[in-house]
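Chemist: Sharing a structure here in structure tokens format.
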Amino acid sequence: MQDSLLIKVIQQLSKRDVREIRKLIQSPYFNQRTDLLPLFNYLVDTKAAPPEYHSPQQLFEIAYPQETFHLPRLRHLMTYLLNAIKSYFAIEEARSEQVDWQLSLVRALRKRKLNKLYQQEFSKLQQLQERQQLRNTQYHFRNYLLHKENYEYTFRSSRSRDIPLQQLTDELSTFYVADILHQSCSILTHKTVWKKDYDIQLLEAVLQKVDQGYYLDSPSVAIYYHSYRALSDLDTVHHFEQLKILITEHWQQFPPGETRDIYQLAINYCIRQLNRGEQQFIREAFELYRSGLEKKVLLEDGLLAGLNYKNILRLGIALKEYEWAEQFLERYKPLLPKAERENTYRYNMAYYHFQKREYEQTMQLLQEVEFRDVFNNLDARRMLLRIYFELGEYNALESLLDSFKTYISRLKGIGYHKENYLNLIRFVRRMLRGNLRQPAFREQLKVEVQQTQALAERDWLLDQLALT
């Protein structure tokens with residue numbers, strides 16, 4: 001029974017969830033069975049217990065202490081309990097959105113033709129919607145649903161000619177435009193990494209309309225429009241500049257998770273510019289990250305993702321702000337997810353020492369890291385490659401190049417990174433096996449490095465060739 005979905009769900013419940021589910025089970029409106037609560041209480045009390053505590057026989061005895069074991073009956077009971085928990089999840093989600101809850105109420109009142117009460121509650125619904133601070137795509141969708149509800153009531157109850165169809169269609173159009181631009185930004189980002197094509201129907205028509213100035217009074221439309229234009233045209237900085245202004249003005253009008261995604265879109269633009277060699281965007285990306293940290297929008301459930309921890313550190317180091325970087329590592333270490341905290345900290349501290357050319361500390365820390373993330377593993381091997389080369393540890397380097405190539409060849413789903421690293425390995429081998437004392441060979445290799453598009457550590461390779 002340890003693989004039971006019910007048991008796995010209960011193991012994830014918070015204390016508040018447990019308390020509220022007990023209330024639901026004890027309510028005759030939701031449940032009239034007396035066998036549900038004993039089973040639920042037992043599973044909660046023993047959720048950390050060994051598997052034998054959840055054997056079918058043990059669970060059946062808890063629910064039916066005086067009866068003969070019957071597996072189908074137990075399974076039916078467990079399914080019923082799981083459905084009760086799912087009902088709680090649905091109710092909690094609905095209650096968390098006041099506007100949606102109120103909309104469901106007015107819809108029920110309209111269907112029951114309780115017109116006077118409907119009008120009172122619809123007025124409350126309008127007030128709730130207008131008091132909403134958020135102006136994301138869902139704000140426009142809820143406005144559409146609100147106007148649609150008003151249309152249903154007005155049309156069916158009075159046959160009035162004053163039906164708010166224009167507002168209804170305007171809000172639906174704004175929602176659609178904002179949402180298709182939002183999804184298109186996500187697709188653009190995904191395409192860049194995974195080289196996959198998508199057919200975004202009606203996108204060109206949407207862009208053409210917004211290009212003409214329509215819908216830009218909506219913060220969600222404006223932000224995703226300028227995000228899309230910036231990410232799809234790196235030669236134009238105007239849209240990125242507009243995006244930064246919009247983020248500053250409207251970041252509080254989006255849910256925390258969406259605000260975090262919007263910041264990431266702006267940061268992704270900077271990263272793509274950096275990949276083109278536009279070094280001025282190091283500062284731009286760094287300031288976006290620093291702003292997100294100050295506003296706490298980069299935190300999710302109070303935690304900072306390891307990837308953001310890594311990216312922020314590297315930008316700080318790229319700007320030579322070593323003191324700030326070291327303080328950042330220590331200050332935000334407690335906010336890393338607990339399961340990966342020490343690994344993430346040591347790995348990034350290793351990078352900090354690596355950039356300061358403190359190679360002994362770097363190698364010591366890398367030995368203490370357990371690499372579960374593929375990209376961190378690749379990065380650690382890249383650091384060791386440079387360290388061995390610069391220290392003249394050529395035997396260790398040859399061994400690393402072999403294992404590095406084998407590791408990369410086995411990887412799937414790493415996109416352009418595979419070609420970048422394989423080309424790095426290829427050039428380092430040529431540097432080891434060729435005669436770098438010959439100017440002609442060195443110059444030819446430099447030209448090839450400069451002309452190879454997919455290549456990790458291009459600048460380092462050129463520096464090494466110049467030093468030889």
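Chemist: Taking 0.36 nm per residue of separation and subtracting the Cα-Cα distance, what length does fully extending Asp199 through Glu398 add? Don't skip to the end; give the middle numbers.
Modeler: Values: separation 199, 0.36 × 199 = 71.64 nm, distance 4.54 nm.
Separation in residues times 0.36 nm, less the Cα-Cα distance, equals 67.1 nm.
Chemist: Return the sequence-ordered ³J(HN,Hα) values of region 56-72 in whole Hz as given by the Karplus equation 6.51 cos²θ - 1.76 cosθ + 1.60 applied to θ = phi - 60°, using x for Gly and Pro.
Modeler: Once θ is set to phi - 60°, the couplings for region 56-72 become x, 5, 5, 5, 5, 5, 5, 7, 9, x, 9, 10, 6, 4, 9, 4, x Hz.
Chemist: While we're here: So, with a 1.4 angstrom probe, what is the percent of accessible area on the chain that is carbon and sulfur?
Modeler: On the way: 12690 of 26090 Å².
Carbon and sulfur atoms account for 49 percent of the accessible area of the chain.
Chemist: In addition: Which residues' amide hydrogens lie under 5 Å from the amide hydrogen of Leu304, considering only partners 5 or more residues apart or on another chain, with H built in the peptide plane?
Modeler: Leu336
Chemist: As a test of the formula, what do you get for the chain when each DSSP H run with n ≥ 4 contributes -39,500 (n - 2.57) and the sum is divided by the residue count, at 222 nm and rounded to the nearest 500 deg cm²/dmol?
Modeler: After summing the helix terms and dividing by residue count, I get -23500 deg cm²/dmol.
Chemist: How tilted is helix 458-467 with respect to the longest principal axis of the chain? Cα atoms for both, answer in degrees (0 to 90, nearest 10).
Modeler: Once rounded, one gets 20 degrees.
Chemist: Is the shape of region 2-88 best called rounded, prolate or oblate, per the rule: a/c under 1.5 gives rounded, else a/b larger than b/c gives prolate, else oblate, with a ≥ b ≥ c the square roots of the Cα gyration tensor eigenvalues? Present the calculation step by step, with values, prior to reporting the outcome.
Modeler: Working: a/c = 1.79, a/b = 1.18, b/c = 1.51.
Because a/c hits 1.5 or more and a/b fails to exceed b/c, region 2-88 counts as oblate.
Chemist: Of the listed peptides 26-35, 357-366, what is their order by residue-averaged count of other C-beta atoms within 10 Å, with the highest listed first?
Modeler: Numbers: 26-35: 10.8, 357-366: 15.8.
For the peptides 26-35, 357-366, the packing ranking is 357-366, 26-35.
Chemist: On average, how much accessible surface per residue is there in the chain, in Å², for a 1.4 Å probe, leaving out ligands, DNA and RNA?
Modeler: Details: 26090 Å² over 468 residues.
On a per-residue basis, 56 Å².
Chemist: List the relative contact order of the chain as a percent without decimals, with contacts defined as Cα pairs under 8 Å and 6+ residues apart.
Modeler: Values: 382 pairs, mean separation 32.6, N = 468.
Across the chain, relative contact order equals 7 percent.
Chemist: Can you tell me the order of 331-344, 201-214 when each peptide is scored by its average per-residue count of other Cβ atoms within 10 angstrom, highest first? Don't jump to the answer; show the numbers that get you there.
Modeler: On the way: 331-344: 15.1, 201-214: 13.4.
Per-residue mean Cβ counts within 10 Å order the peptides as 331-344, 201-214.
Chemist: Calculate, for Leu165 and Leu216, the FRET efficiency according to 1/(1 + (r/R0)^6) with r their C-beta to C-beta distance and R0 25 Å; round to the nearest 0.05. Intermediate values should be presented prior to the final figure.
Modeler: On the way: r = 23 Å, r/R0 = 0.93.
Plugging the Cβ-Cβ distance into 1/(1 + (r/R0)^6) gives 0.60.
Chemist: Using only C-alpha atoms and all pairs of different ones, pull out the Kirkwood radius for region 257-299 in Å with one decimal.
Modeler: Values: mean 1/r = 0.0966 Å⁻¹.
Its Kirkwood hydrodynamic radius stands at 10.4 Å.
Chemist: Leaving out same-chain residues fewer than 8 places away, which aspartates and glutamates sit with a Cα under 14 Å from that of Lys418?
Modeler: Excluding near neighbours in sequence, the set is Asp379, Glu457.
Chemist: Separate question: On C-alpha positions alone, give me the angle between the axis of helix 115-131 and the longest principal axis of the chain, in degrees, nearest 10.
Modeler: Value to nearest ten degrees: 20.
Chemist: In addition: Classify the chain from the C-alpha gyration tensor, please: rounded if a/c falls under 1.5, else prolate or oblate depending on whether a/b exceeds b/c.
Modeler: Values: a/c = 2.77, a/b = 1.44, b/c = 1.93.
Oblate.
Chemist: Give the shape of region 315-394 as rounded, prolate or oblate, defined through the alpha-carbon gyration tensor: a ≥ b ≥ c are the square roots of its eigenvalues, a/c under 1.5 means rounded, and otherwise the shape is prolate if a/b is larger than b/c and oblate if not.
Modeler: Numbers: a/c = 2.16, a/b = 1.28, b/c = 1.70.
Oblate.
Chemist: Rg and Dmax of region 72-159 over Cα atoms: what are they, in angstrom?
Modeler: When restricted to Cα atoms, region 72-159 yields Rg and Dmax of 17.3, 56 Å.
Chemist: Normalising by the residue count of region 245-374, find the relative contact order in percent from Cα pairs under 8 Å and 6+ residues apart.
Modeler: On the way: 105 pairs, mean separation 21.2, N = 130.
Relative contact order, region 245-374: 16 percent.
Chemist: HN-Hα J couplings of region 366-377 from phi, Karplus 6.51/-1.76/1.60, θ = phi - 60°, integer Hz, Gly and Pro as x?
Modeler: Once rounded to whole Hz, the list reads 5, 5, 8, 8, 9, 8, 9, 8, 4, 5, 5, 4.
The values are calculated or read from the model by the stated rules, or taken from the named source; none is laboratory data. Predicted model, so just to flag it, every value in this text is computed and none were measured. Note: ideal-geometry Cβ built from the backbone for every residue, glycine included; neighbour counts use all protein chains shown. These accessible areas exclude ligands, DNA and RNA; they are computed on the full protein's heavy atoms, side chains included. Shrake-Rupley method; radii C 1.70, N 1.55, O 1.52, S 1.80 Å.
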